[in-house]
Amino acid sequence: MTLAVATTTSLYRRLLGLMALAMTLLGALLLLQANHSAHQGANRAYDRLLDAASRVLVEQVSWQAGQLRFDVPASALEMLAPGGDERVFYTLVDADGEPISGNVELPPLPADTSASLPGDRDDRFHATTVQWHGMILRLGARQARLAGWQRHDRFSIRVAHTMEARNALAGQLLQGSMLRLGGMALLMLALVTGAVGMALAPLRRLRQALRQRNPDDLSPIALPVPRELRELVGALNDLLARQRRLKAHQQRFIGDASHQLRTPLAGLSSRAELALRSREPEQWHSALVAMQRSATNAARLAGQLLSMSRLQSPDAPTEREAIELRALARASVRQALDRYPGSEIDLGVEACDAPVTVHGSRWQLEEALANLIDNAMHHARHRVTVRVTAQPSRLTVEDDGPGIPSEQRHEVLKPFHGARHSGSGLGLAIVAGICEAHDGQLELHDSEPPPGLSATMRLGAAAESRETAS
């Protein structure tokens, strides 16, 4: 069965989209630069035509009858209108700035004109773009003197033409740049597509390796991956390790449960079979009593198995909270009295006057104390005492039963030891595990006075035990 997984845009498409966006922005910037360069190139080319035309016009200036005159050759104007659609204007201006001939309304260059071509002091050419009578013109001006007549003041030639040819040349240059940029963009797109595919190849190999795995294969992934994927593979290996522990825990629990529950369930079945064969009411009654005892033991065993499984689960959450041990002991004793109605064993609590508070898992401490009380109730002759002491914080359950020999006390802390003649041998093992979870330990001693067993839960530093003044 394939589970539905929430997905967004694929990583491959996202990377391609980001790269395409970056390339589009870069292409737009390059296109703007190409447009600027195309117009600059067209201006430089036609400004040289303006410069050449101004030189031709300067050569036509002469001094006649005490004033400047010049004849404009058609060739000088034709070079400024190569397409035939441009309009050409010119003006001869004296040293005082007064137009002498030509298009006398042609404006002068602005004072901040910076576009110029190289020239000496008496032969300088400047050009700029101006608007005049609704037309956009490229206007150039050159200052000069008549050759051989140094006593005469300078004069200047203004020459201008419309921008049709310039714009056409700029468009051609821009079109060529766009074709080159388009070709480069297609080449880059192909290279980026291939590069992104190669970069994502380790992800595809990882996906294929996971899909080809047997569902029962929880071994670590040993696939060589780039540094950027090591954290992902490490997280997957951590998940697989937790699954291995959980699977081993479940298998161990199933094995323990099947083994331990087989005996009481078989006893129930055999006693029911004997009762069915008997015709004596007294035997029926004794069989029912025995069946009730077996059912109680089976229920107790099942509860202990679940507690052990919950305690040993590798991913079991443990919430810590403040727990007052005197209240915990009294509540546990009341619950035990409900579990053993009519019992002749004297079950009670002895506690110090001051509150004893620890930080730990409530369900674990309740489970541990319940197991100690149940263990004591099954083996005590006359009394079971639950004792609460402080500094350090301790919970002690003492009985007057047969006790446990000192040489066996280490073994009884292991699951399924079966040391005290009855029961599954899980109770003390559960308590020992809970004490370890609270950085403490379970201590077994002889009762005072003997015989009997004194089981003490000593809670350590992890429980943050403290005695609070009342």
Mind checking which residues of region 173-222 are free of Cβ contacts under 8 Å to residues at least 40 places away in the same chain and under 30 Å from residue 38 (Cα atoms)?
175, 176, 179, 180, 182, 183, 184, 186, 187, 190, 191
All-but-one check, residue 77 against (1) farther than 16 Å from residue 129 by Cβ; (2) at pLDDT 85 or above, failing number (2)
Against the condition within 30 Å of residue 42 (Cβ to Cβ) and surrounded by 13 or more Cβ atoms within 10 Å (Cβ to Cβ), how does residue 199 come out, does it pass?
no
Within region 363-395, can you find the residues that are modelled with pLDDT of 90 or more, among the polar types (S, T, N, Q) and buried (at least 20 other Cβ atoms within 10 Å of the Cβ)?
385
Taking first residues from region 47-63 that are of a type in the set (S, T, N, Q) and second residues anywhere that are crowded, with 16+ Cβ neighbours inside 10 Å, the pairs with Cβ under 7 Å that are 6 or more apart or on different chains are 54/125; 54/140; 54/142; 54/157; 54/159; 60/70; 60/72; 62/70
What's the number of the only condition in (1) at pLDDT 75 or above; (2) assigned to a helix (DSSP H, G or I) that residue 301 fails to meet?
(1)
Residue by residue through region 275-301, note down the ones that are of a type in the set (Gly, Ala, Ser) and free of Cβ contacts under 8 Å to residues at least 24 places away in the same chain.
275, 278, 286, 287, 290, 299
Any chance you could count how many residues in region 396-447 are touching a helix residue (DSSP H, G or I) at 6+ places or on another chain (Cβ under 9 Å), modelled with pLDDT of 85 or more and hydroxyl-bearing (Ser, Thr, Tyr)?
1
Evaluation of residue 256 against (1) among the charged types (D, E, K, R); (2) buried (at least 16 other Cβ atoms within 10 Å of the Cβ); (3) at pLDDT 75 or above (one fails), failing number
(3)
Any idea which of (1) crowded, with 16+ Cβ neighbours inside 10 Å; (2) at pLDDT 75 or above; (3) out of contact with any Ser or Thr (no Cβ under 6 Å at 6 or more places or on another chain); (4) not basic (Lys, Arg) is the one residue 143 doesn't satisfy?
(3)
Is there a residue in region 217-229 that is among the basic types (Lys, Arg), at pLDDT 85 or above and either loosely packed, with under 14 Cβ neighbours inside 10 Å or part of a strand (DSSP E or B) (or both)?
no
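Against the definition (out of contact with any Asp or Glu (no Cβ under 8 Å at 6 or more places or on another chain) and either modelled with pLDDT under 75 or not in a helix (DSSP H, G or I) (or both)), how does residue 213 come out, yes or no? Show your work before the answer.
Details: out of contact with any Asp or Glu (no Cβ under 8 Å at 6 or more places or on another chain): yes; either modelled with pLDDT under 75 or not in a helix (DSSP H, G or I) (or both): yes.
So residue 213 passes the test.
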Take region 310-350 and flag every residue that is part of a strand (DSSP E or B) and either modelled with pLDDT under 90 or within 46 Å of the chain's Cα centre (by Cα) (or both).
321, 322, 323, 324
Tally, over region 20-40, of residues that are farther than 27 Å from residue 192 by Cβ and crowded, with 16+ Cβ neighbours inside 10 Å
2
If the Cβ limit is 6 Å and pairs must be 6+ apart or interchain, which residue in region 353-369 that is polar (S, T, N, Q) pairs with which residue that is crowded, with 21+ Cβ neighbours inside 10 Å?
364/434
With the condition kept exactly as written, say whether any residue in region 343-353 is farther than 18 Å from residue 395 by Cα, outside the structural domain of residue 292 (by TED's automatic domain parsing) and out of contact with any strand residue (DSSP E or B) (no Cβ under 8 Å at 6 or more places or on another chain).
yes
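The values are calculated or read from the model by the stated rules, or taken from the named source; none is laboratory data. Since this is a predicted model, take the numbers as computed values, not measurements. Every residue, glycine as well, gets a Cβ built from its backbone with ideal geometry; the counts of neighbours run over all protein chains shown.
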